[in-house]
Amino acid sequence: MTSRDEAVTAVETLLTYLGERNDTRFGDEVYSRTPDRWITFLEAATQGMSEPEPSAVRFELERSGLVSIDEVAFYSLCEHHLLPFFGVVSVDYQPVDYVVGLSALVHVIERHARRLQLQERMTRDIAADVAAITGAKDVRVCVVAEHMCMSMRGVGKPGAQVTTRVVLSGSDSGNP
C-alpha cells in the first residue's frame, strides 16, 4: 500500500511536470503545502469508500404515505477524470411497517457520493441501500448533476446537467 508521504511526493512530481514547482511568480511558500492540501482534499472526498454499511433508526407506524427527501446537495469525483461532479439527490420510498430517521437517507447519499464514482452507479447504489435500510419495496432515486469533465474539458458545456433515475418496484428492491 502506498503511504501518505508517497502520495504527497507524487503530487509534488505532478506539479514539477506542470512547471509549477519552478515558478517563482508567488514564491515557494504558495506551493510548499499544496501537495499535502490536495491529498487531504482527496482523503475527504473519498471517505465514503471506507464507511460501514448504512444503518438506520426505525420508527414503527401503522400507515404512511410516500416519504420523500428532496434536493440533498452532494459532491463527488468522476472516476474517469478525477474531476468533481456535483448536484442534488432526491429519494422517495413507500414505507411498509416503519420509517427511518431522515438523516439515514442523507448518510446513504454521502456514503456513495464521497468516492470515485459514476453518477449512474451512484444512483443505483443509493436506491439499493435505501431499499435495504427501509425495507421498502418501492424506491425512487433521482440524481441531477453537473460534471466538470463535461464543463471544463471535452465538449466544454458549463451548466449542462445529467439526470439519472432508478425506480425499484416490488420484488426488484434488492436487485437494481
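Where only DSSP H runs of four or more residues are counted, the chain gives -10500 deg cm²/dmol as its mean residue ellipticity at 222 nm, each run worth -39500 (n - 2.57). Under the convention that each Lys and Arg Cβ holds +1 and each Asp and Glu Cβ holds -1, the size of the dipole of segment 49-174 around its Cα centre is about 400 debye. Toward the positive end of the charge dipole of segment 1-147, with +1 on the Cβ of Lys and Arg and -1 on the Cβ of Asp and Glu, the farthest Cα among C142, A44, C78 is that of C142. A cut-off of 5 Å between modelled amide H atoms, ignoring neighbours fewer than 5 places along the same chain, links F85 with S76, L77, C78, M148.
When averaged across all projection directions, what area in nm² does the alpha-carbon convex hull of segment 32-134 cover? Over all viewing directions, segment 32-134 projects a mean Cα-hull area of 7.0 nm². Round to the nearest 0.05 the FRET efficiency obtained for S55 and S32 when R0 = 25 Å and r is the Cβ-Cβ distance. Step by step, r from the Cβ atoms, then E = 0.05. Translational diffusion of the chain, estimated by Stokes-Einstein from the Kirkwood radius over alpha carbon pairs at 20 °C in a medium of 1.002 mPa s, is 118 µm² per second. Each peptide among 97-109, 132-144, 54-66 gets the average number of other Cβ atoms lying within 10 Å of its residues, and from highest to lowest they stand as 132-144, 97-109, 54-66.
Values in this text are rule-based calculations from the coordinates and carry no lab data. As the structure is a prediction and not an experimental result, all values here were calculated from the model. We place every Cβ from the backbone using ideal geometry, glycine too, and count neighbours over all the protein chains shown.
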